[in-house]
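Visitor: Sharing a structure, written as structure tokens. Questions coming.
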Amino acid sequence: MLGQERIKQIAELILARSMADQTEVMVSASDSALTRFANSTIHQNVAETDAEVRIRVVLKDPSGSGAKIGVASTNNVEEAALCRTLEAALSIARLQPPNPDFHSLPAPQPITEVASYSEATAGCSPETRARGAGAICLLARDAGVVASGALTTASLEFGIANSLGVSAYHRTTQADVNTVIMSDTSAGYASAFSMDVRTLDFEAIGREAVTKCMKSRNPKPLEPGEYTVILEPYAVQDFLHMMTWTGFGAVAYQEGRSFMVGKLGQQIVDRRVSIWDDGLSSEGVPFPFDFEGVPKQRVDLIEAGVARAVVYDSYSAGKESRHSTGHALPAPNPMGPMPLNLFFAGGDTSIEEMIRGTQRGIYVTRFHYTRPVDPVRVVITGMTRDGTFLVENGEVAYPVKNLRFTQSYLESLNSLDGISRATRLLTGMGGMTCDSVPALKVHQFRFTGATEF
Amino acid sequence: MRTFTDRALNLAQAQGASYADVRVVRRLTQQITVKNGVVEALSDDESQGFGVRVVVDGAWGFASSSTLSPQEVDRVTAQAVKIARASTLFKVRDVRLGPPVISTGTYRTPVQIDPWKVSLDDKIALLLQANQGLRSSPGVRVASSSLAFWREDKTFANSEGAYLEQTKTESGGGIEAIAVDRQRGEVQKRSFPNSFGRDQRSEGWEGILAMDLPGNAARIGEEAVALLSADPCPSGVTTLILGPTQLALQIHESCGHPIELDRVFGTEASYAGTSFLTPEKYGTFRYGSAAVNLTADATLPGGLGTFGWDDEGVPAQCVPIVREGLFCGYLTSRETAQQLREIVGPGAPETSGGAMRADGWNRIPIIRMTNVNLEPGSWSFDDLVADTDDGIYMELNKSWSIDDKRLNFQFGTEIAYEIKNGKMGRMLKNATYTGMTPRFWGSCDAVCGPTHWRVWGTPNCGKGQPGQTAHTGHGAAPARFRDVQVGVLK
């Protein structure tokens, strides 16, 4: 970690030396460590100290139509390297034709302070991580099965400044544990995420996955077809990620690729579905601003089933003469803005009630290797994994071999039988997102294939 | 640099490491994207640092830093040793690496035109020209053209005496057209020469020129628009001919990943999954038909998995994977090669096949594909189509998914064509096919010959925790598969 003062010095140095019309400096630094275990023993144990300085320069076109933009980055924070990187960004900008759609870097706005830093996580030792991993491994050994998984602790800091006066700094911590417990014929999964490593209950995570693994031993084959499904939050999180990739961002919307195109203000899914992004909520792991230093806003994406909005960065917002919602990713970013702090509103039932009310259906722990087949309809294919069960007559009847599905998530959100009251905080997309998700019960979920385990 | 690496190795051993290696890596990347005639992204990125990997009391530790200073070497090496000691708390067996690796030497990717010496003007001009070509079809809503260049300078040294210096260079480029029918809410996409932005190879600017992106742009735009009114791919069981880029991904997913021995031994179970190719299948399992010959060849010119030595200092080599349909080889590391030999006996190689690769200075090497290839057969493409009474030709991947043991897969392609009575017929959209890995490769009855064969790049292969992205290569020519389930979209 560089610290707020050093980050400020780096930003000031670059802003002072830049000859561009506008200049933006993003400085990030991290100390992270990961303890990975498999076959109930630690097999990878790593640590990393890194920093990055990313410079975006803007040269206004003399004709007044747009601007030339150059971006360069380095992880060498010595002054000579910083100056070389600034020069690289300027050279890139000078050599390109102007982008008529670019208007300006964002102007400064008040930023709300949020707390998302834990000294315990930042100072977590390899021995503490080993003991956490060991607790899970011992539970697996006692049950005669094997544990694999990973325990990550990380401290990160971000500073963003630009020549228009933006100056933002925030530091945060992350602690994440996930495990797959395996027997000869089955597997079980559990994971948890927090800013404070002390709140992770490794034994509880281990017990959840061991229990799931033991219950899913000796699975039977099941014919693919349309079934009612009960989806644990691990599976439901994929709904949020796929809707993010296919439609919650302004670029997909502006290019006509989003499922939200032409639907704003219309009912697109069941009225019980509300999905929003809120980077400031203390119920998640808050982060006060985006990668342009714009304060994060709560954006209601789907409210009571009605499509309400997509998220913007300053570039995509400029194309529609509106303001950024605070969802920029690091420049350059042709993919556009993305929501990274999603909330799926809880409902009025529980997983147990969902099972009791199911005549015949499939209980799914999580999905694996999901990919869009038809992005506009959010048709996704993927496999079930780590605990799939047949539910009959209101009870979990027996474990089944994993199934492939090819299903529109949008249609599923229109085929809801229930949403759990309880939600779970999960991280995703390689630690980029923090999502709050409930369990769902959905009818007519389409399984199109099966595998051998 | 030797002073730097020696400092880490000496300190590690002085603090109790029975083995240590250190990699110092500097990576440069340049990416340019033009969208609808506008340069939307242009960046030069640099990342440098070093990583120290140690074995202490039979357990692994690794630490890394972006600061290249003597003080930081001392801190990071001590941290790696401390982490290794923590790893021993729940150790069940000691790390065994087999015979020492004492390679020395240098390697450089052969490059005719250094992409870092080509002006940005030339690069942008090429992309703008290609982009204009894509938009010559009025129905194209989004036209993208992009280039990516990648260079890595790496020094590797270990406590056994190895010292290696390598410079790898890669060049990638591609174009993509998206056509939208807003009334029907339909989007179709065509890419060239490969999907998801680009094809990439270990070569210089000459590879970009050979792609002829501007010369193919108008056709790609037209095809994207034509797909909107094409018939959907029917459902059923039929004969399938896969084009080379789709076949390259099929090889990657259903051949390359299951032969990674770390997956087989369960050390990737919590993330990417395991493998159906368990050790008792070694040398006995029928993976495919007699037409199927697979190799993992890190010496293949142009391949993204081509290098001088892997990140354990093991020399690049060509490893037979499947011979005439029979499974005969894994991708291995020093440690897993020893474990395999303990299980299957002296029939397994004594040393690593050289497949340990790390995504930069801040990641440990893990088993990755090199260039996993379906070796060419003898058919010409025209003869293959003429020999097919009824079937579908599919090309260029649009979606891909496979289970966590690499058995059940489903792929979608950008474009397909009906084959009737030995002739290519109408264009088909939304084509998908699905199958089970050994059954699918068992149904392969023809592979096209060397004139249709080339190595394709996959620069985005994800694996490991923390996540690593590998650049892998896949040699492929069109091939035919019988009795395949196609068309699963409602």
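Visitor: Using beta carbons and a limit of 7 Å, which pairs, at least six apart or on different chains, have the first residue in the range A:83-104 and within 8 Å of chain B (Cβ to nearest Cβ) and the second one among the polar types (S, T, N, Q)?
Guide: From the range A:83-104, the pairs are A:Thr85/A:Ser73; A:Thr85/A:Thr74; A:Pro100/A:Ser65.
Visitor: Test of understanding: among B:Ala130, B:Ala179, which residue is among the small types (Gly, Ala, Ser) and away from chain A (no Cβ under 13 Å)?
Guide: B:Ala130
Visitor: Can you tell me which residues in the range A:255-273 are surrounded by fewer than 20 Cβ atoms within 10 Å (Cβ to Cβ) and assigned to a loop (DSSP other than H, G, I, E, B)?
Guide: A:Glu255, A:Gly256, A:Gly262, A:Lys263, A:Leu264, A:Gly265, A:Gln266, A:Ile268, A:Asp270, A:Arg271, A:Arg272 - these are the residues of the range A:255-273 that are surrounded by fewer than 20 Cβ atoms within 10 Å (Cβ to Cβ) and assigned to a loop (DSSP other than H, G, I, E, B).
Visitor: Would you be able to say whether some residue in the range A:347-360 is surrounded by 22 or more Cβ atoms within 10 Å (Cβ to Cβ) and within 14 Å of another protein chain (Cβ to nearest Cβ)?
Guide: For the range A:347-360, residues surrounded by 22 or more Cβ atoms within 10 Å (Cβ to Cβ) and within 14 Å of another protein chain (Cβ to nearest Cβ): absent.
Table: residues versus (1) at pLDDT below 95; (2) out of contact with any Phe, Trp or Tyr (no Cβ under 6 Å at 6 or more places or on another chain); (3) assigned to a loop (DSSP other than H, G, I, E, B); (4) surrounded by fewer than 18 Cβ atoms within 10 Å (Cβ to Cβ).
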position: A:Glu283; (1), (2), (3), (4): yes, yes, yes, yes
position: A:Pro286; (1), (2), (3), (4): yes, yes, yes, no
position: A:Ile302; (1), (2), (3), (4): no, yes, no, no
position: A:Ala309; (1), (2), (3), (4): no, yes, yes, no
position: A:Ala317; (1), (2), (3), (4): no, yes, no, no
position: A:His323; (1), (2), (3), (4): no, yes, yes, yes
position: A:Ala328; (1), (2), (3), (4): no, no, yes, no
position: A:Pro334; (1), (2), (3), (4): yes, yes, yes, yes
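Visitor: So, in the range B:285-335, exactly how many residues are among the basic types (Lys, Arg) and either closer than 24 Å to B:Trp379 by Cα or in the same structural domain as B:Val95 (by TED's automatic domain parsing) (or both)?
Guide: Total satisfying the criteria: 2.
Visitor: Could you check the range B:81-110 and list, in sequence order, the residues that are part of a loop (DSSP other than H, G, I, E, B), surrounded by 18 or more Cβ atoms within 10 Å (Cβ to Cβ) and among the β-branched types (Val, Ile, Thr)?
Guide: The answer is B:Val95, B:Val101, B:Thr109.
Visitor: Any idea how many residues of the range A:377-414 are in contact with a helix residue (DSSP H, G or I) (Cβ under 8 Å, 6 or more places away or on another chain) and surrounded by fewer than 17 Cβ atoms within 10 Å (Cβ to Cβ)?
Guide: Within the range A:377-414, residues that are in contact with a helix residue (DSSP H, G or I) (Cβ under 8 Å, 6 or more places away or on another chain) and surrounded by fewer than 17 Cβ atoms within 10 Å (Cβ to Cβ) number 3.
Visitor: So in the range B:177-187, with the set limited to residues that are of a type outside the set (Val, Ile, Thr) and buried (at least 24 other Cβ atoms within 10 Å of the Cβ), which one is farthest from B:Pro459 (Cα to Cα)?
Guide: Looking at residues that are of a type outside the set (Val, Ile, Thr) and buried (at least 24 other Cβ atoms within 10 Å of the Cβ), I get B:Ala179.
Visitor: Listed residues A:Ala307, A:Ala250, A:Ala235; which is touching a helix residue (DSSP H, G or I) at 6+ places or on another chain (Cβ under 7 Å) and closer than 23 Å to A:Pro375 by Cβ?
Guide: Exactly one residue qualifies, and that residue is A:Ala250.
Visitor: Next question, about the same structure. Looking at the range A:70-98, which of its residues are touching an Asp or Glu at 6+ places or on another chain (Cβ under 7 Å), farther than 19 Å from A:Ala161 by Cα and either among the aliphatic types (A, V, I, L, M) or in a strand (DSSP E or B) (or both)?
Guide: A:Ile92, A:Leu95
Quick grid of which residues meet (1) surrounded by 24 or more Cβ atoms within 10 Å (Cβ to Cβ); (2) in contact (Cβ under 8 Å) with a residue 12 or more places away in the chain; (3) in contact with a Phe, Trp or Tyr (Cβ under 7 Å, 6 or more places away or on another chain):
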{"residue": "A:Leu416", "(1), (2), (3)": "no, yes, no"}
{"residue": "A:Leu425", "(1), (2), (3)": "no, yes, yes"}
{"residue": "A:Gly428", "(1), (2), (3)": "no, yes, no"}
{"residue": "A:Val442", "(1), (2), (3)": "yes, yes, no"}
{"residue": "A:Gly449", "(1), (2), (3)": "no, yes, no"}
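Visitor: Looking at (1) within 25 Å of A:Ser167 (Cα to Cα); (2) not aliphatic (A, V, I, L, M); (3) not in a strand (DSSP E or B), which is the one condition that is false for A:Arg131?
Guide: If we test A:Arg131 against (1) within 25 Å of A:Ser167 (Cα to Cα); (2) not aliphatic (A, V, I, L, M); (3) not in a strand (DSSP E or B), just (1) comes out false.
Visitor: Please specify each residue of the range A:319-346 satisfying the condition of being away from chain B (no Cβ under 14 Å) and touching a strand residue (DSSP E or B) at 6+ places or on another chain (Cβ under 8 Å).
Guide: A:Thr325, A:Gly326, A:His327, A:Met338, A:Pro339, A:Leu340, A:Asn341, A:Leu342, A:Phe343, A:Phe344, A:Ala345, A:Gly346 - these are the residues of the range A:319-346 that are away from chain B (no Cβ under 14 Å) and touching a strand residue (DSSP E or B) at 6+ places or on another chain (Cβ under 8 Å).
Visitor: May I ask you to list pairs of residues, at least six apart or on different chains, whose Cβ atoms are under 6 Å apart, with the first in the range B:343-354 being farther than 11 Å from B:Gly98 by Cα and the second being among the β-branched types (Val, Ile, Thr) and at pLDDT 95 or above?
Guide: These pairs meet every condition: B:Gly353/B:Val319; B:Gly353/B:Thr332; B:Gly354/B:Val314.
Visitor: From the list A:Leu151, A:Leu138, which residue is in contact with a Lys or Arg (Cβ under 8 Å, 6 or more places away or on another chain) and either part of a loop (DSSP other than H, G, I, E, B) or within 13 Å of chain B (Cβ to nearest Cβ) (or both)?
Guide: One residue alone meets the criteria, A:Leu151.
Visitor: In this structure, is B:Asp262 surrounded by 21 or more Cβ atoms within 10 Å (Cβ to Cβ), within 12 Å of another protein chain (Cβ to nearest Cβ) and within 30 Å of B:Ala316 (Cβ to Cβ)?
Guide: When the stated conditions are applied, B:Asp262 passes them.
Visitor: For the range A:265-280, give me each residue that is out of contact with any helix residue (DSSP H, G or I) (no Cβ under 9 Å at 6 or more places or on another chain) and over 21 Å from A:Asp348 (Cβ atoms).
Guide: Correct list: A:Gly265, A:Gln266, A:Asp278, A:Gly279, A:Leu280.
Visitor: So which residues in the range B:60-80 are surrounded by 17 or more Cβ atoms within 10 Å (Cβ to Cβ) and more than 10 Å from chain A (Cβ to nearest Cβ), if there are any at all?
Guide: Result: B:Val73, B:Thr77.
Visitor: Hey, does the range B:150-158 have a residue that's crowded, with 21+ Cβ neighbours inside 10 Å and small (Gly, Ala, Ser)?
Guide: Within the range B:150-158 (the criterion being crowded, with 21+ Cβ neighbours inside 10 Å and small (Gly, Ala, Ser)), the answer is yes, since at least one residue qualifies.
Visitor: Still on this model: Starting from residues that are assigned to a helix (DSSP H, G or I) and of a type in the set (D, E, K, R), keep the ones in the range B:111-139 and report whichever is nearest to A:Leu95 (Cα to Cα).
Guide: Step by step, filter the range B:111-139, then rank; the result is B:Asp121.
Visitor: Could you identify the single residue in B:Gly139, B:Gly133 that is in contact with a helix residue (DSSP H, G or I) (Cβ under 6 Å, 6 or more places away or on another chain) and closer than 24 Å to A:Pro97 by Cα?
Guide: Step by step, each of B:Gly139, B:Gly133 is checked, and only B:Gly133 is in contact with a helix residue (DSSP H, G or I) (Cβ under 6 Å, 6 or more places away or on another chain) and closer than 24 Å to A:Pro97 by Cα.
Visitor: Quick check on the range B:114-123. Is at least one of its residues out of contact with any strand residue (DSSP E or B) (no Cβ under 8 Å at 6 or more places or on another chain), modelled with pLDDT under 95 and more than 12 Å from every other protein chain (Cβ to nearest Cβ)?
Guide: No, the conditions are met nowhere in the range B:114-123.
Visitor: Now for a different question. Here is a list: B:Pro315, B:Pro258, B:Pro320. Which entry is touching a Ser or Thr at 6+ places or on another chain (Cβ under 7 Å) and under 19 Å from B:Asp403 (Cβ atoms)?
Guide: On inspection, the qualifying residue turns out to be B:Pro258.
Visitor: May I pose another question? From B:Gly256, B:Gly303, grab the single residue that is among the small types (Gly, Ala, Ser), buried (at least 23 other Cβ atoms within 10 Å of the Cβ), touching a Gly at 6+ places or on another chain (Cβ under 6 Å) and modelled with pLDDT of 95 or more.
Guide: B:Gly303
Visitor: Can you name the residue in the range B:1-45 that is more than 9 Å from every other protein chain (Cβ to nearest Cβ) and free of Cβ contacts under 8 Å to residues at least 24 places away in the same chain and, of all such residues, is farthest from the chain's Cα centre (by Cα)?
Guide: Selected residue: B:Ala14.
Visitor: What's the number of the only condition in (1) within 30 Å of B:Gln112 (Cα to Cα); (2) more than 14 Å from chain A (Cβ to nearest Cβ); (3) outside any loop (DSSP other than H, G, I, E, B); (4) not charged (D, E, K, R) that B:His252 fails to meet?
Guide: Only one criterion is unmet by B:His252, namely (2).
The values are calculated or read from the model by the stated rules, or taken from the named source; none is laboratory data. Keep in mind the model is a prediction, meaning the values are calculated, not measured. Cβ: placed from backbone, ideal geometry, glycine included. Neighbour counts: every protein chain shown.
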